[in-house]
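Chemist: I have a structure I would like to understand better, so I am pasting it below and will then ask my questions one at a time.
Read-outs throughout are calculated quantities, based only on the coordinates presented, and are distinct from any laboratory measurement. Computed from a predicted structure; not experimentally measured. Cβ placement follows ideal geometry from the backbone for every residue including glycine, while neighbour counts extend to all protein chains displayed.
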Amino acid sequence: MPLHLIKLCVGPGTIEDLSARQERHRSEALRSGTDPAPFHTTRMIPKRHAEIVGSGSIYWVIKGTLSCRQAITAIEPFTGSDGIARCRLVFDARLVPVSPRSYRPFQGWRYLSPKDAPGDLDAARSGDLAEMPEALRRELVSLGLL
């Protein structure tokens with residue numbers, strides 16, 4: 001059974017902003033000849049990484065709302081130039097909107113079990129909710145209507 005991570009998305013205010021930021025990093029990586037896959041660097045290595053890689057996702061909390069996910073394709077421990085151990089979480093490029101849910105701030109990342117993970121938003125399963133603008137979904141979640 002896959003295990004997921006949940007993380008606050010600091011900076012971007014929308015899924016589109018996160019996508020644009022990752023695309024800028026991808027373009028820079030291609031120009032410099034490095035791996036263009038989107039990633040996030042963290043200090044802690046997930047102890048349960050074997051349950052995550054290849055089947056788990058990172059769920060992004062954007063502006064207080066659990067908004068989207070990305071499949072985690074690799075977890076790469078490394079030591080920075082400062083001698084501090086770090087970990088690179090490498091993602092699939094596709095951002096998948098999920099059924100929105102209000103989420104309080106927290107530090108770092110947390111594990112998210114499959115039973116607690118929100119479902120993907122797609123028109124076939126979610127109807128009008130999938131077609132709704134992200135800002136409206138976020139507003140409805142903040143009002144407790146979703």
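Chemist: Given Cβ point charges of +1 (Lys, Arg) and -1 (Asp, Glu) and nothing else, what value in debye, to the nearest 20, does the dipole of the chain about its Cα centre take?
Modeler: So the dipole magnitude of the chain works out to roughly 500 debye.
Chemist: Next question. Just add up the charged neighbours of Leu8: K/R +1, D/E -1, any other residue whose Cβ is under 12 Å from the Cβ of Leu8.
Modeler: After counting each charged neighbour, the total is +4.
Chemist: If you take every residue apart from Pro133 with its C-beta less than 11 Å away from the C-beta of Pro133, what net charge results, scoring Lys and Arg +1 and Asp and Glu -1?
Modeler: Spelling it out: positives minus negatives among the neighbours equals -2.
Chemist: Could you tally the net charge around Gln107, taking each other residue with its Cβ under 13 Å from the Cβ of Gln107, Lys/Arg +1 and Asp/Glu -1?
Modeler: Once positives and negatives cancel, what remains is +4.
Chemist: Additional query: Which lysines does Lys47 reach when only Cα atoms under 19 Å apart count, and residues fewer than 8 places away in its own chain are ignored?
Modeler: Lys7
Chemist: Taking every DSSP beta bridge that has both residues in the range 4-142, what percent is antiparallel when rounded to the nearest 5?
Modeler: Expressed as a percentage, antiparallel bridges in the range 4-142 total about 85.
Chemist: Can you list the trypsin sites (Lys or Arg not before Pro) in the range 1-78 that are in a DSSP coil and have 13 or fewer other beta carbons within 10 angstrom?
Modeler: Filter output for the range 1-78: Arg43, Lys47, Arg48.
Chemist: Continuing with the same structure: Which Cα, out of Gly64, Pro77, Leu18, lies furthest along the positive dipole direction of the range 4-142 (beta carbon charges, K/R +1, D/E -1)?
Modeler: The Cα lying farthest towards the positive end belongs to Pro77.
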